[in-house]
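Report on one structure; see the data block that follows.
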Amino acid sequence: MSFLGLILKNLWRHRIRSLLAITGISLGIATIIALGAIADGMEQNLIATLRSGKADFSIGQAHAPMIVLSSVPEARLYEIARWPEVGQAVGALVAFASFPGNPYFLTMGIEPEAFELGGVTLLAGRPFSKNAEDEVLLGKIAANTLALKPGDSVEIDLKKFRVVGIYETGNLLEDGGALLPLRALQGLKNRPSELTVILVRVNEGFSVEAVMARVEREYEGSLIPLRSAEEFNRNYQSLRLVRAGSWLVSLLALVIGGIGVMNTMIMSVFERTREIGILRAVGWRRVRVLALIMGESLALGALAAFVGTFLGWSGARAVTLLPQVRGLISPVYAPDLFAQALIIALGVGLVGGLYPAYRASHISPQEALRYE
Amino acid sequence: MSDHIVVARDLVKTYENGRTRALDGVTLEIRRGEFVAICGPSGSGKSTLLNLIGALDKPDSGELYVAGEDLMRSPGDLAHFRARKVGFIFQLHNLIPSLTALENVLIPTLGASPPSPLLKRAGRFPFPLGEGLGDRSDARARELLERVGLGDKAHRRPPELSGGERQRVAVARALVNNPEIVLADEPTGNLDSETEKHVLKLLKELQTERGVTLILVTHDPRVAQTADRVIEILDGRVTTPLCGR
């Protein structure tokens, strides 16, 4: 028999109670995994959307509260496009619009000449005309979900549009959305001369970093060049809010799970007072009794981490199967998310086990042996 | 000094802020390898004396040397002392009901040494997962169970054993760490007379075989008679032995 064996055996003795404690923690862990994976997926897609294609970098509004709320004056596009080191600069307006059965449909307003820079490949039909006011291209996933093909009509924000083609970019959000002529979307959203991002391709022989530095210098405080996911994360509060929300859920899980574990372990210590007295009488040191109870508590946390991870993974998968969110959510299971869940589950075990373990280690063997 | 494993001088122990005087100046000496019965009526202080000798409690005053350790001056809770030097047998056997007889015998070894390497031998699922404290402890526990006549019941749990068998498991547990001294508090108090005889015979045999010092607390003169020497306690003091002689 090993120390670990004894720990597991003690949990097994009160399996219903252990199971309830594990269920409590694992639900918190499942929430963390599912929310985190969905948030990570949305974040990655959104970032990929705004720096997609063959652009070297994007330019957005500095300190915008949300990435889709970035507002860049269209005039800046023309200024930057004239810089000798810039090969091509195109603007895109990103907005959510209401489609039949989906009030949060991602639409991008873009000029047809920006398709290459945006990485747009036409699968069927033709591109829309530059100044067309009622033409739309549907992403592959959106066309499938809505069962639309070129030649059909669709209502966007209560205005009728004609589907002229189907496209693919390889990005889940984009392929689940629609492309409109820039002017048409600006008109539809009542945001004239406004862009969300500018996509920039730098001429050969020029340094991307130098051009980014020039953007920063010339538009300090109003525009910001963005290339990596980290730069997006740093600049946009919305992504930080998602992270903060995830951590808040983690904290709640820690507190609720911790109380559950503490209750379970205190009951267990109380019931085993005499038994702990025997252990102390036969020579177990206080620290060994402490380790036994902490071990049981941490084992509860570790088991809950595995159960919760599985539940969270299954939950996030189940959400992606809902027709309302298909094409909008693609959970990303990053290793650090699992590490976060495991640390929180073990933290719950640690916090919940501390007091019961302290109490157990301070049981007097002589008094415990008299305990009925 | 080395000839005596227990030396107590003027031991005093009180409870309830001094209102109850459990031991009132006990002085005694016990030789190494001796079988001594501490006899006395209920509440005489004999179990208190046993608890002090076993370092489960500390005297208020006096001097107490057990197996070379000055228990009055030793700091901490003396768990290491109990683990290395003392084996306990209790009246109610005090086995852990969820563990097998073998695991109960092994319990003191888990407290005596650092934890074994985790998952060293992920054998019989779900328990035990590791090897415990190694094959030596395991072999010794099995040998002791054989010796007390329970070799074939090593994997039975206490509820599946009779009262006498449980007490024999407790005897094996008391000896697993090779103690110098075994303290038995009314070890046959809950047994019928036939089983009592068997357990006492076993204790005496093991004490002789292994050369350990056996101190047995009892209120029963018949049990006290089996010892080499009887120390009688009355009202917290050592008196002229009437119990066993």
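Some points to look at:
- Considering the range B:154-164, and only residues there that are in a helix (DSSP H, G or I) and modelled with pLDDT of 90 or more, the residue that is surrounded by the fewest Cβ atoms within 10 Å (Cβ to Cβ) turns out to be B:PRO159.
- When restricted to residues that are surrounded by fewer than 20 Cβ atoms within 10 Å (Cβ to Cβ) and in contact with an Asp or Glu (Cβ under 8 Å, 6 or more places away or on another chain), the range A:195-206 contains 3.
- Selection within the range A:273-306 - outside any helix (DSSP H, G or I) and open to solvent by less than 10 Å² (accessible area, probe 1.4 Å): A:GLY283, A:TRP284
- Residue check: A:GLY353 meets all listed conditions (1) open to solvent by 20 Å² or more (accessible area, probe 1.4 Å); (2) at pLDDT 85 or above but one, namely (1).
- A:LEU19 vs. criteria free of Cβ contacts under 8 Å to residues at least 60 places away in the same chain and more than 25 Å from A:ILE166 (Cα to Cα): yes
- Residues of the range B:209-245 classified as without any contact (Cβ under 8 Å) to a residue 60 or more places away in the chain and part of a helix (DSSP H, G or I), total: 3
- Within the range B:59-115, being within 10 Å of another protein chain (Cβ to nearest Cβ), assigned to a loop (DSSP other than H, G, I, E, B) and of a type in the set (D, E, K, R) holds for one residue alone: B:ASP77.
- Residue match in the range A:166-180 (condition: small (Gly, Ala, Ser), surrounded by 19 or more Cβ atoms within 10 Å (Cβ to Cβ) and at pLDDT below 90): yes
- Candidates A:LEU106, A:LEU77 - the one that is in the same structural domain as A:GLU133 (by TED's automatic domain parsing), in contact with a Gly (Cβ under 6 Å, 6 or more places away or on another chain) and either among the acidic types (Asp, Glu) or closer than 12 Å to A:THR196 by Cα (or both): A:LEU77
- Filtering the range B:209-234 to residues that are within 17 Å of B:HIS4 (Cα to Cα) and polar (S, T, N, Q) leaves only B:THR213.
- Hits in the range A:99-122 (condition: touching a residue at least 24 places away in the same chain (Cβ under 8 Å), surrounded by fewer than 16 Cβ atoms within 10 Å (Cβ to Cβ) and at negative phi): A:PRO100, A:TYR104, A:GLU116, A:THR121, A:LEU122
- Only one entry of A:ARG13, A:ARG82, A:ARG76 meets the criterion of being of a type outside the set (Val, Ile, Thr), open to solvent by 50 Å² or more (accessible area, probe 1.4 Å) and touching a Ser or Thr at 6+ places or on another chain (Cβ under 6 Å), and that entry is A:ARG13.
- Flag if A:ILE344 is assigned to a helix (DSSP H, G or I), hydrophobic (A, V, I, L, M, F, W, C), assigned by TED's automatic domain parsing to the domain that holds A:LEU19 and closer than 30 Å to B:ILE53 by Cβ: no
- Exclusive hit being assigned to a helix (DSSP H, G or I), closer than 21 Å to B:SER98 by Cα and open to solvent by less than 20 Å² (accessible area, probe 1.4 Å), set A:ALA37, A:ALA21: A:ALA21
The values are calculated or read from the model by the stated rules, or taken from the named source; none is laboratory data. Only a predicted model underlies this, so the values are computations on that prediction, with no experimental measurement involved. Cβ: placed from backbone, ideal geometry, glycine included. Neighbour counts: every protein chain shown. Please note that ligands, DNA and RNA were not included when accessible areas were found on the heavy atoms of the full protein model with its side chains. Shrake-Rupley method; radii C 1.70, N 1.55, O 1.52, S 1.80 Å.
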